[in-house]
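Student: What follows is a single structure, and I will ask about it in a moment.
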């Protein structure tokens, strides 16, 4: 664990990261809910894309799949609302209806 005196405020960290040469930086990713798609989770991903902070939800089986799904949309100038709609919807994931778990 990093000592508190070495931690910066999120805005200071983001400003520092914006000065780097990286195209995209994932600030955080966490599971927020289970999906109605069988064996899938909903991840909330907070990231910098060409210096712009974005936050989206991604439906995926695991964190690796979530990041793989995000990669094609980074650096393209696509708004986070559009990316979130594509990656956070089972309709746009190309999954057939048999993957959807019926409500109990």
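Student: Can you sort 6, 43, 73 from fewest to most other Cβ atoms within 10 Å of each residue's own Cβ?
Tutor: Listing 6, 43, 73 from fewest to most nearby Cβ atoms yields 6, 73, 43.
Student: Quote the Stokes-Einstein diffusion coefficient, in whole µm² s⁻¹, for the chain, based on the Kirkwood radius over alpha carbon pairs, a temperature of 10 °C and a viscosity of 1.306 mPa s.
Tutor: In µm²/s, the coefficient is 106.
Student: Have a look at 37, 78, 58 and tell me which one the Gaussian network model of the chain (Cα, springs below 10 Å) gives the largest fluctuation.
Tutor: 78
Student: Taking only C-alpha pairs under 8 Å that are 6+ residues apart, what is the relative contact order of the chain in percent?
Tutor: So the answer I get is 22 percent.
Student: Could I ask something else about it? Could you work out how much longer the chain between residue 16 and residue 53 gets when fully extended? Use 0.36 nm per residue separation minus the Cα distance between them, nm to one decimal.
Tutor: 12.0 nm
Student: If you line up the Cα atoms of the stretch 1-42 on their principal axes, what length do they span on each, largest first, in Å?
Tutor: Projected onto its principal axes, the Cα set of the stretch 1-42 covers 41, 27, 15 Å.
Values in this text are rule-based calculations from the coordinates and carry no lab data. All values derive from a computational prediction rather than experimental measurement. Every residue, glycine among them, receives a Cβ derived from its backbone with ideal geometry; neighbour counts consider all protein chains shown.
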